[in-house]
Each structure stands twice: as C-alpha cells, then as structure tokens.
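What follows is a short report on a single structure.
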Amino acid sequence: QRWERRRPPHASELQALQREWRGTMRSKPSGYLEHRARTFAKLRALTKKPWGSANYQRPSKRIKLYKLRHDFQLSRVQVAIQSLLRKIQETALFRPVLYLLLALVLLILNWRWRGGRGEITALLLSGIGSELSLFIMAPSADYRYSLWLILATFMSAIIMAFDFRQAKATVQQQR
C-alpha cells in the first residue's frame with residue numbers, strides 16, 4: 001500500500017494540519033521536547049532494545065513482479081551478507097553512542113597531544129555536530145543518520161594512529 005501512488009494533500013488539508021501543529025506546540029511545548037528526546041535516545045541506541053540497524057529487507061513478490069517488473073533472486077553472496085548482518089546488527093558495532101563517545105575521547109586526545117591538529121579537530125567536530133543536530137532534525141531513529149559520525153570517527157582514529165606511529169619513529173631516530 002505504501003508503494004502505491006497517493007493523491008497529494010489539498011491546500012486546505014495542509015493548512016488545517018499546520019494550524020493543529022502550531023496549536024499543539026503552543027499548548028504543550030514540553031511534549032515536543034519529550035518526543036525529540038525519546039527519538040534521539042532511540043537513535044543513539046541508548047534504549048534497551050535497539051531497532052533493526054542494518055537494512056537487508058527483500059521486496060515482496062508483488063513488488064518484484066508488478067512494480068519493478070523483474071523477478072530477481074538474491075545471489076549466494078547477498079544471502080551470506082544478510083546472514084552476517086542479522087548476526088552483528090544487535091552488537092555494539094551498530095550502536096551510534098559508541099562512536100559518539102569514541103569521537104569525544106579522540107577529540108580530547110587530539111587536543112592534548114601537540115595541541116591538536118586542526119583537520120582532525122574539524123573532522124571530529126563535524127561528526128559530533130551532525131549527530132547532535134539530529135536531536136532537532138531526525139525524522140526517525142534510523143542508523144543511516146549516524147553514518148557521518150561513524151566515518152569521521154574512523155578517519156580521525158586512522159590519521160591519529162599514523163601520526164602517533166610517525167612521531168614514535170622520529171623519536172627513535174633522534175636517539
């Protein structure tokens with residue numbers, strides 16, 4: 001049903017929805033903040049039961065045949081990848097809060113070590129900033145919204161590891 005075309009809302013319907021939303025925000029502003037806090041906690045995987053992190057769903061037979069006009073089958077490689085994702089999606093690897101905390105630790109380490117490299121600081125702050133902006137902007141608690149934080153954290157960790165290795169080699173050469 002969600003795949004089928006729907007008629008666009010009429011202007012009067014949109015105006016009524018806007019009036020209702022504004023009225024609710026004026027009468028219960030804390031309700032919106034509570035909703036955003038719950039969504040953000042779920043997005044960070046701070047809740048007990050996280051959502052399905054990895055998206056590996058298959059289209060139904062109806063979608064394949066009638067909408068896509070293609071009756072495909074998954075390859076063995078795709079089935080193996082789906083099986084792996086099912087096993088690891090509930091682990092810490094798919095909890096964005098882990099990467100948020102790691103980014104904060106890397107930011108502190110970067111700042112304390114040689115006063116901090118500007119590009120690492122910028123990279124980590126962009127990841128942390130994009131994650132914090134989700135408190136206001138994330139429409140749902142999807143893992144995909146945290147991918148920039150995860151990528152920025154990994155890139156920063158790799159750069160810092162290479163810098164540390166190079167500094168260690170330089171110190172050893174000076175001896």
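Quick look at the numbers
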quantity	calculated
Members of region 120-169 that are in a helix (DSSP H, G or I) and among the acidic types (Asp, Glu)	GLU131, ASP163
Residues that are exposed (fewer than 10 other Cβ atoms within 10 Å of the Cβ) and at pLDDT 85 or above, drawn from region 4-29	ALA11, SER12, ARG26, SER27
Condition check for ILE158: open to solvent by 60 Å² or more (accessible area, probe 1.4 Å), aliphatic (A, V, I, L, M) and modelled with pLDDT of 90 or more	yes
Only one of SER146, SER140 that is within 16 Å of ALA41 (Cα to Cα), of a type in the set (Ser, Thr, Tyr) and exposed (fewer than 13 other Cβ atoms within 10 Å of the Cβ)	SER140
Qualifying residue in region 97-108 (condition: touching a residue at least 24 places away in the same chain (Cβ under 8 Å) and exposed (fewer than 15 other Cβ atoms within 10 Å of the Cβ))	yes
Hey, THR121 under 23 Å from the mean Cα position of the chain (by Cα) and open to solvent by less than 90 Å² (accessible area, probe 1.4 Å) or not	yes
Condition check for ALA80: hydrophobic (A, V, I, L, M, F, W, C), within 30 Å of PHE164 (Cα to Cα) and open to solvent by 40 Å² or more (accessible area, probe 1.4 Å)	no
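The values are calculated or read from the model by the stated rules, or taken from the named source; none is laboratory data. Fair warning: this is a prediction, and the values are worked out from it, not measured in the lab. All Cβ positions, even for glycine, are placed from backbone atoms using ideal geometry, and neighbour counts span all protein chains on display. Heads up: the accessible areas ignore ligands, DNA and RNA and are worked out on the full protein's heavy atoms, side chains in. Shrake-Rupley method; radii C 1.70, N 1.55, O 1.52, S 1.80 Å.
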